[in-house]
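One structure is given here, and the rest of the page talks about it.
The numbers here are math on the coordinates, done by the rules we state, and not lab data. Small disclaimer: the values here were computed from a predicted structure and weren't measured. All Cβ positions, even for glycine, are placed from backbone atoms using ideal geometry, and neighbour counts span all protein chains on display.
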Amino acid sequence: MIINAIFSPEFLNATLRATTPILFAALASAIASKSGVVNMALEGIMLFTALFGVIFSAAFHSAWLGLIATMAAGGLIGFLLAFFVLRLKTDEILAAIAINLIANGATILILLAVSGDRGISSSIHSIIIPRITLPVIKDIPFLGKVLSNQNVLTYISLIMVAVVHIFLYKTPLGLQIRAVGENKDAAESVGISSTKIRYISLTISGILASMGGYFLSGGYMTKFTTGMSAGRGFIALAAGAMGGNTPVGSFLVSLLFGAAQALSNILQLGTWSYELVQMLPYATTLIGLGIYSYTKMKKRQRLTGK
Amino acid sequence: MDNKVLQMSHIMKIYPNGVVAVEDVTFELEKGEIHALLGENGAGKSTLMKVLFGIETPEQGEIILNGNKADIKSPQEAIKMGIGMVHQHFMLVPSLTVAENIVLGVEPTKSSLFIDEEKALKLSKEIAEMYNFDIDVAERVEELPVGLKQKVEILKALYRGADILILDEPTAVLTPQETEELFVQLKKLKEKGHTIIFISHKLDEIKEICDRATIMRNGRSKGTYFVKDISTAEMSRLMVGRDVVLTFDKKPAELKETVLKVRNLCVTGSTGIKRVDDLSFDVKAGEIFGIAGVEGNGQGHLAEVLTGLSNKYKGKITIFDQDVKKHSIRELRDLGMAHIPEDRMAFGCAKNMNIMDNMFTNQYHKPEYSGKVLLKNKKIESKVNGLIKEYLVKCKSYKQSVGMLSGGNIQKVVVAREFSTDPKIIIANQPTRGIDVGAASFIRQRIIEFRDAGCAIILISADLNEVLELSDRLAVIYKGKFSGVFNDVKNVTEVELGKYMLGIKKDDRLEGIIYEQ
Amino acid sequence: MNSNTKLNILRIVLSILIALLISFGIIFITSEEPVRAIIQLLTGPLQSQRRFGNVIEAMIPLIFTGVGVSIMFAANEINLAGEGAFHIGGLIATYFALNTVLPPVISSMATILAAGLFGMLITGVPALLKIKTESDVLVSSLMMNYLILYFSNYVLNNILRDPKAGAVVSYAVPDVTKFSPIISGTRIHVGLFIALAVAVLGYVFLYKTKIGYEIRITGENREFARYSGINIVKITLVSQLVGGFIFGVGGGVELLGMYNRFTWTSLLGYGWDAIIITTLAKKNPIYVPFAAFFLAYLRTGASIMSRSTDVATEIVTITQGIIILLVVAEQFLSKYKHKIISREARATLIEKEGE
């Protein structure tokens, strides 16, 4: 029964849906890591922007204007993280923890202040990004059911994989980001300001993560609920790392975690114990991380001889 | 005619840990000269250049560049003003190509968005040809040998229009052939009108290539001289402040039992290159066995396996007939091993912890200093206070963080700790590198005392004076192999030793390197 | 006291002040009655014995988590599974108390011991995973927390749940095991003494024992520790296990002292609170109770404020976040610091020349 379910186009369709927020955040993590900073604040940025998405789309009466405003807000939080890490020399992990902490409290306060709602944004009339059916593609057997009828942001997330790839490997800024991450001193020695590059990388990282956050409350779900990022920012960190912080690699690992999430969503409806099934995405990440790190370790040991 | 391109006057730099690296230095540069900046490690040469290149902000002082007052706040600004620097540790991104490294930061673009890779290759090739640098610009930097990497560094600076080129100990990592090649290139650069600052402490090289030399000592300038007017002896006197030849009261060695035996030792480095290549030697109690060599010829790997830090080696090492591979570092230390590491900050101390915490990491587990669970703090405290006095560590109290001390005093903390366990075998790797003369001679004196007390000592050092003065037997390591061994150290000259160190001379038979089969 | 310690204290005090000012600013913007809200926040806990009692009650779990994370971080391992360890401590304490029959006192002690052992397991997993596979502890420890949450929910729903109770809660914990209040008019329980003892013992452990010394050296410089002959793998693992144990005990004590039934269906956030406490306490367990008191006071004040005004308690998480950001910001006050240091260096220079 489950096997059938997994290979059904409906499941793969759901997988892409569940992958979307993780993928945005994983790309965000990849860019930050390529520049040499771990962006653990992804979790908080997604949570913040999930709320901002609801508020902005309602305020502008437009899902798209809402998205743009949310991206600006996400970029700003990324920039703030950069300010603390780069300017004030705060430890990057502790700074991220602080931002995540603030996100937890501030989203509740802001929601309360804006709408009087507690816990869920039921009285905000947010506008969500629509799903669309793709002409031509929808008629391809199997594949059509997988790919068509997705949220526009899902398509954007797939396009972003290519965009981020081209950005990192074909543009001057991408080259400089990789140079700073690999050898900061080398980049500095030719007059590249590693600080500036990292400001840019973390800001872009914040923007990408905010698209994931926006999708959570304006596509994946239709409302904001407190704590709705539910560790996806942390999972994305693992996805980025396991994908070697390359866009394509991050995409493939995100798909795996998205599948685990989708499977969890399906199984929760069945006879399986609801709580144990909820463990699936996290267990997949933990085990996946273990296997990945182990193979990497063995490979390194082989290379160094012995 | 006044053709001064640079004037740095009364520069002072204090590092955040309170170390006064440059006290009051005035330094001038004339157009088209090769100007040596000469001094021992820690004299302040690198710091002065970092100030010029905008990496460090001075506490006081003024820089005048081409007649205008310059306020250089960052390397970016320095580069814009026509200053280029070739660092001792290469500033290259290994996974990028030569061309990508050269154009990094000023990439040519097409449709103003994407990197124009073809143009980058073409421009890099042009600049390389203009200065007669023979290099494949499409190759990845990680694949290049050291000499070529340095060329990439110089090209990077030239590509950015550097008029003043700072070279920080450029020959330290080069083979003699590569050095000769570099000198030819530097002379060509000079002909083309570039001004070069050549940081070094190798007097013969300065004699060969430099026009003038500024000599630094302890953060102060000892004057600028025309190289042709000053003898090497005079230069070295100014550099170290006394005659270079150090003399220690050294009794003849009284050899006792063989403590360390090394047979057919091979160590492979992380890149798959053999770093230690089939070494065999013995060391007896009561002697100092010196291992001389230019840094990077396998000394680091040798020290690592001798002290148990790594057990990735082939061959056999025994200390007191115990197989080193079968013992943990703790067990080796309890056998009587002490180790002065090459890099005191990375291995020799925890800079945020206080002197006391740093002084008994190798013996806190012994019954004198701890019970089953608790440390005996009173006893440790009095021991540490004793060591501070005995080793003349300059500090406010044992509560001061080690990171706040000067290099020489940190090294004294390391040495005091290592020598306080009454060791039977000491592995000292560059024990006096980068520290002041006083601290260095103090440490050398102690090494001799331990040898007289019957300790076996392996002294690995790139400092010729040090190995020649201290060693009872001396081997030279070159590319992981011993290129020569001297049983009568008194009659070895620096010149002779230098030939072995640079691989110019090589003995096939190493007599007396092992005592028994 | 040297200039460094003075600077540290100055930095902490200033950070707290700035964080409070920003929070007050937010209150002024969002609240209808900001002045009353702020007064409630600052003085609320002092207005009655019961309220001050609330501060002490809230302080107890914070001390455990602060000491636990101080020991884990001392080995320079950013293991955040303390959250899960605390949670499972509460769960296991409930399970153990419901399934054993032991005399009073012994029952409580056995229960919190069981809680501690399971806590140890939770922080031990990421540490072991790192030893065996070199997996990043940060991510794996975060995943552990979610796994523990859902596992705990499963156990609560399927094993411990009292069907007669309206909400999703466990059966009532037997009175023999529970801690009873020690000061009438408050709910302050004997856990306070356990917590203070843990702070003192934590200090002794880190600063007076051999293994604590080994942990600190390993945390400050792993290579130096290895070079000195310390088994850094073992030491790192031990520090993570001890930290997890303290978290687990904390969860158990909190449950026995403050709850009748196990009701935790979401993560309580003590793992994150621990970060701010260890930051303020500079990783020294002996300072943890003070930091815990501060945070507990702020929390209690916020809760009083939210009940009597229109400002929600969550304002405190913002204060907390800003404090962390500023206290660990090395460059914050760095200019002032450099001034002092270079003044001292110049002074010694002059001294030298005078000699």
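Positive end of the dipole of segment B:347-421 (Cβ unit charges, origin at the Cα centre): among B:Asn385, B:Leu405, B:Gln363, the Cα lying farthest that way belongs to B:Asn385. Suppose we keep just the DSSP beta bridges with both residues in the protein assembly as shown; what percent of those would be antiparallel, to 5? Bridges in the protein assembly as shown that DSSP calls antiparallel: roughly 55 percent. Counted over all Cα-Cα pairs of segment B:347-421, pairs farther apart than 22 Å make up 16 percent. At q = 0.05 Å⁻¹, what log₁₀ I(q)/I(0) does a Debye calculation on the Cα points of the protein assembly as shown give, no solvent, two decimals? With one equal scatterer per Cα and no solvent, log10 I(q)/I(0) is -0.40.
Kirkwood hydrodynamic radius, chain C, all distinct C-alpha pairs: what's the number in Å? Walk me through the numbers before you get to the answer.
Details: mean 1/r = 0.0460 Å⁻¹.
When all Cα pairs of chain C are included, the Kirkwood radius is 21.7 Å.
Relative contact order, percent, of chain C when contacts are C-alpha pairs under 8 Å separated by at least 6 residues?
Working: 589 pairs, mean separation 118.0, N = 355.
Once normalised by length, the contact order is 33 percent.
Dipole orientation for the protein assembly as shown: of the candidates C:Leu237, B:Leu37, B:Val476, C:Leu237 has the Cα lying most toward the positive pole (charges on Cβ; Lys, Arg +1; Asp, Glu -1).
Treating the beta-carbon of each Lys and Arg as +1 and of each Asp and Glu as -1, no other charges, what is the dipole magnitude of segment B:42-152 about its Cα centre, to the nearest 20 debye?
The calculated dipole for segment B:42-152 is roughly 280 debye.
Hydrophobic long helices, here whole DSSP H runs in chain A with Kyte-Doolittle means of at least 1.6 and Cα atoms spread over 18 Å or more along the helix axis, are found at A:42-60, A:63-82, A:92-115, A:152-170.
A cut-off of 5 Å between modelled amide H atoms, ignoring neighbours fewer than 5 places along the same chain, links B:Ser370 with B:Lys376. Averaging Cα coordinates gives a centre for segment B:99-153 and one for segment B:357-418; these two points are 51 Å apart. The relative contact order of chain A comes to 34 percent, based on Cα pairs under 8 Å that sit 6 or more residues apart. Taking C:Gln331, C:Gln240, C:Gln320 as the candidate residues, the one with maximal mean-square fluctuation in a Gaussian network model of chain C, Cα springs under 10 Å, is C:Gln331.
Can you give the FRET efficiency for C:Thr263 and A:Ala113, using 1/(1 + (r/R0)^6), R0 = 25 Å, r = Cβ-Cβ distance, to the nearest 0.05?
Details: r = 29 Å, r/R0 = 1.14.
After rounding to 0.05, the efficiency reads 0.30.
Between A:Phe60 and A:Ile137, the modelled label-to-label distance comes to 2.4 nm, taking each label 7 Å out from Cα in the direction of the beta carbon.
Can you give the FRET efficiency for B:Tyr131 and B:Lys80, using 1/(1 + (r/R0)^6), R0 = 30 Å, r = Cβ-Cβ distance, to the nearest 0.05? Numbers along the way, then the final one.
Working: r = 21 Å, r/R0 = 0.70.
So the FRET efficiency works out to roughly 0.90.
Taking 10 °C and 1.306 mPa s as conditions, chain B diffuses translationally at an estimated 63 µm²/s according to Stokes-Einstein applied to its Kirkwood radius (Cα pairs). State which entries of B:Lys151/B:Lys222; B:Lys376/C:Lys6; B:Lys50/B:Lys351; A:Lys184/B:Lys151; B:Lys73/B:Lys202; A:Lys196/B:Lys80 exceed 26 angstrom in Cα-Cα distance in the structure shown. Beyond 26 Å: B:Lys151/B:Lys222; B:Lys376/C:Lys6; B:Lys73/B:Lys202.
Take peptide A:274-286, look around each residue's Cβ out to 10 angstrom, count Cβ atoms belonging to other protein chains, and average those counts. Present the calculation step by step, with values, prior to reporting the outcome.
Details: counts 4, 11, 5, 2, 7, 9, 2, 2, 9, 4, 1, 6, 12.
What the average comes to for A:274-286 is 6.
Quick check: the distance between the Cα centres of segment B:262-299 and segment C:105-127, to the nearest angstrom? Each part reduced to its Cα centre gives a spacing of 50 Å.
Spacing of the modelled spin labels on A:Val152 and B:Lys506, each 7 Å from Cα toward Cβ, amounts to 7.1 nm. Compare A:Ala230, A:Ala239, A:Ala32 in a GNM of chain A, Cα atoms joined below 10 Å, and give the one with the largest fluctuation. Comparing A:Ala230, A:Ala239, A:Ala32 in the GNM, the peak value goes to A:Ala230.
Ratio to report: Rg/Rh of segment B:4-240, with Cα atoms as the point set and Rh obtained by the Kirkwood method; give two decimals. Ratio value, two decimals: 0.98.
Which FRET efficiency, nearest 0.05, do B:Lys312 and A:Thr222 yield, Cβ-Cβ r, R0 41 Å? Please report the intermediate quantities before stating the final value.
Values: r = 58 Å, r/R0 = 1.42.
It comes out at approximately 0.10.
Highest mobility in the GNM of chain C, judged by mean-square fluctuation with C-alpha springs under 10 Å and restricted to C:Thr186, C:Thr300, C:Thr111, is found for C:Thr186. Note on segment C:1-66: the alpha carbon radius of gyration divided by the globular reference 2.2 N^0.38 Å gives 1.46. About its Cα centre, the dipole of segment B:4-240 is roughly 560 debye, where the only charges are +1 on Lys and Arg Cβ and -1 on Asp and Glu Cβ. With respect to chain B, whose longest principal axis is taken over its alpha-carbon atoms, helix B:407-419 is tilted by about 20°. Evaluated with a Cβ-only charge set (Lys, Arg +1; Asp, Glu -1), chain C carries a dipole of roughly 380 debye about its Cα centre, given to the nearest 20.
Within segment A:85-125, which trypsin sites (Lys or Arg not before Pro) sit in a loop by DSSP and count at most 15 neighbouring Cβ atoms inside 10 Å? Walk me through the intermediate numbers first.
Values: sites: A:Arg87, A:Lys89, A:Arg118; in loops: A:Lys89, A:Arg118.
Within segment A:85-125, the qualifying trypsin sites (Lys or Arg not before Pro) (loop, at most 15 other Cβ atoms within 10 Å) are A:Lys89, A:Arg118.
Sequence-distant contacts, meaning Cα pairs under 8 Å at least 6 residues apart, place the relative contact order of chain B at 15 percent.
Expressed as a whole number of Å, what is the distance separating the alpha-carbon centroids of segment A:218-243 and segment C:22-48? Between the Cα centre of segment C:22-48 and that of segment A:218-243, the gap is 34 Å. Taking the charge dipole of the protein assembly as shown about its Cα centre, with +1 at Lys and Arg Cβ atoms and -1 at Asp and Glu Cβ atoms, the residue from A:Asn245, B:Pro94, B:Ala70 reaching farthest to the positive side is A:Asn245.
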